[in-house]
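The structure appears below as structure tokens.
The values are calculated or read from the model by the stated rules, or taken from the named source; none is laboratory data. This structure is a prediction, so every number in the text was calculated from the model and none was measured. Virtual Cβ from ideal backbone geometry, glycine too; neighbours counted across all protein chains shown. For the accessible areas, the whole protein counts, side chains as well, though only heavy atoms, and no ligand, DNA or RNA atoms are used. Shrake-Rupley method; radii C 1.70, N 1.55, O 1.52, S 1.80 Å.
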Amino acid sequence: MNYFNDISKIQYEGPKSTNPFAFKFYNPEDTIDGKTFEEYLRFGVAYWHTFTEDLSDPFGAGTALRPWDRYTGLDLAKARVEAAFEFFEKLGVPYFCFHDVDIAPEGDSLAESNKNLDIIVSMVKDYMKDSKTKLLWNTVNNFSHPRFVHGAGSASNADVFAYAAAKVKKGLEVGKELGSENYVFWGGREGYETLLNTNMKLELDNLGRLFQMSVDYANEIGFDAQFLIEPKPKEPTSHQYDFDVASGYAFLQHYGLADKFKFNIEANHATLAGHTFEHELHYARIHNMLGSVDANQGHPLLGWDTDEFPTDLYMTTLAMYEILKNGGLGSGGLNFDAKVRRGSFAPEDLFKAHISGMDSFAVGLKVAKRLLDDKAIEGIIEERYSSYSDGIGKQIVDGEIGLKELEKYALQLGDIKQSSGKLEQIKSTINQYLLTTFAE
Ligand code: XUL
Ligand code: CO
């Protein structure tokens, strides 16, 4: 059964193409230093936004028109699997990601939910045998159902903690069954509304316990995926515990989990935290904690998580810059945790949206690679910190001196010579590279 009959396989047609169903910049077979664009970018489709999402918002009902909408229950879940693999094949995407409830409906009990999941997981497994699309990561949704009103791993009620833990156990088994390369924890309700009724210490300790139990169980069943925490500062709670990479890293270190986890960094979560996307990537990278990316962008005029498809080339360039400096994403990838706008309700918009995101990151990759190869930015940074390469700077870096020696040195200093930060030069160089990389 086909769902996207009017659309054939998306081909690369180059920057001059006027075909909206063609890649202009993403040619999966293009290579840089012997590695293909497909291998660099490792794109993933988010099941929830592409096959489950109905495009409702807090002010109105869903608008999405989907060819599988005529089904309900398990039949709907099965139709979505068929549509998903047709979509992956036509888009030529190497990965996908899902939450348990995206792929299978929740039953009236945990046992029934698990049974539904088993049916759909076995169908997905069959489809994966004939498909080149693999599972980048899976996770469980421990935030939408009313039982998680007060949290999941950080719930005030131990029965809810147990239920959440049982869902994670099943999620790990599903990940193993489908060969998932990563396993994600996004703490949708792991946070608090107000401290007035919250035992923060117990909630944090319990969250640490849930993560440790998950590591232990993954070891027990031989599921060797990379564990990832996806930080977000707020929404839905007013304060989420995994606020950003820095606070998530402190949490992991405190609970002795830092060597078991890395971060899944989402652009729109970074901006919600008051950071740039590249700040979060950079912070994770320099601590060897950059695992994977939820590729999207926020709207500069709106204060919430709008999850738009990434089209800002400046942002994709700076993101790919960090990813290249990281030596790639390892087992991670660029998962489009992004949804079409409410007005873009036609099935074909799903293709156009992914094409725009994939093209944007392909541009970012190529421009970032050139910037790095030419040391266009790195050279300026090296020069800026050159005083630490020898003399007093080297002694500071090597830990050879203390405050007394530094005072002695400072007392004999005359006027300190400062140099320009050259920000305007750097920005204009980035623009130049953006505009000339694809010019013929
Ligand atoms: C929510 C979000 C989630 C996670 C997975 O903001 O980003 O979809 O990516 O639970
Ligand atoms: Co996300």
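Here are some notes:
- Estimated FRET transfer efficiency (residue 383, residue 253; beta-carbon r; R0 45 Å; 0.05): 0.85
- Take every pair of alpha-carbon atoms less than 8 Å apart whose residues are at least six positions apart; their mean separation over the length of the stretch 150-223 yields a relative contact order of 46 percent.
- Dividing the C-alpha radius of gyration of the stretch 309-380 by 2.2 N^0.38 Å, with N its residue count, gives 1.28.
- When only Cα pairs below 8 angstrom with a gap of at least 6 residues are kept, the chain shows a relative contact order of 15 percent.
- Straight Cα distances below 19 angstrom link residue 325 to the aspartates and glutamates 33, 38, 39, 266, 278, 280, 294, 373, 374, 378, 382, 383, with same-chain residues fewer than 8 positions distant left out.
- Set of aspartates and glutamates with alpha-carbon distance to residue 260 below 12 Å, sequence-local pairs under 8 removed: 216, 224
- Environment charge of residue 172, counting only residues whose C-beta is closer than 12 Å and scoring Lys/Arg +1, Asp/Glu -1: -2
- Cα-based shape type of the stretch 27-112, given that a ≥ b ≥ c are square roots of the gyration tensor eigenvalues and the cut on a/c is 1.5: prolate
- Heavy atoms of the protein chains alone define the surface here; on that basis the stretch 179-328 has 40 Å² accessible area per residue at 1.4 Å probe size.
- Overall Cα dimensions of the stretch 219-335 - principal axes, largest extent first, Å: 46, 33, 25
- Across 327, 44, 188, mean-square fluctuation computed from a Gaussian network of the chain (C-alpha pairs under 10 Å connected) peaks at 327.
- Calculated [θ] (222 nm, deg cm²/dmol) that DSSP helices of n ≥ 4 give over the chain, each run adding -39,500 (n - 2.57): -14000 deg cm²/dmol
- A DSSP coil position with no more than 11 other Cβ atoms inside 10 Å describes the following trypsin sites (Lys or Arg not before Pro) in the stretch 42-120: 70.
- Förster-model FRET efficiency, 35 Å R0, residue 205 and residue 426, C-beta, rounded to 0.05: 0.20
- For the stretch 117-180, the alpha-carbon radius of gyration amounts to 1.33 times the rule-of-thumb value 2.2 N^0.38 Å expected for a compact globular protein.
- Surface composition of the chain: carbon and sulfur atoms hold 52% of the protein heavy-atom accessible area at a 1.4 Å probe.
- Within the listed set 268, 114, 182, the Gaussian network model of the chain (springs between alpha-carbon atoms below 10 Å) gives the highest mean-square fluctuation for 114.
- Chymotrypsin sites (Phe, Trp or Tyr not before Pro) within the stretch 344-440, DSSP loop, no more than 16 other Cβ atoms inside 10 Å: 345, 385, 438
- Taking every DSSP beta bridge that has both ends in the chain, the antiparallel portion is near 20%.
- Dimensionless Rg over Rh [the stretch 1-64; C-alpha; Kirkwood]: 1.10
- The chain: radius of gyration and largest Cα-Cα distance (Dmax), Å: 23.6, 81
- Counting only aspartates and glutamates at least 8 places from residue 125 when in the same chain, those with an alpha carbon closer than 16 Å to its own are 82, 86, 89, 100, 102, 173, 177, 181.
- With a Cα cut-off of under 21 Å and a minimum spacing of 8 residues unless on different chains, the lysine pairs in the stretch 1-115 number 7.
- Neighbourhood charge, 12 Å Cβ-Cβ cut-off, centred on residue 212 and excluding it, Lys, Arg +1 and Asp, Glu -1: 0
- Per residue, the accessible area of the stretch 1-117 comes to 46 Å², computed with a 1.4 Å probe over protein heavy atoms only.
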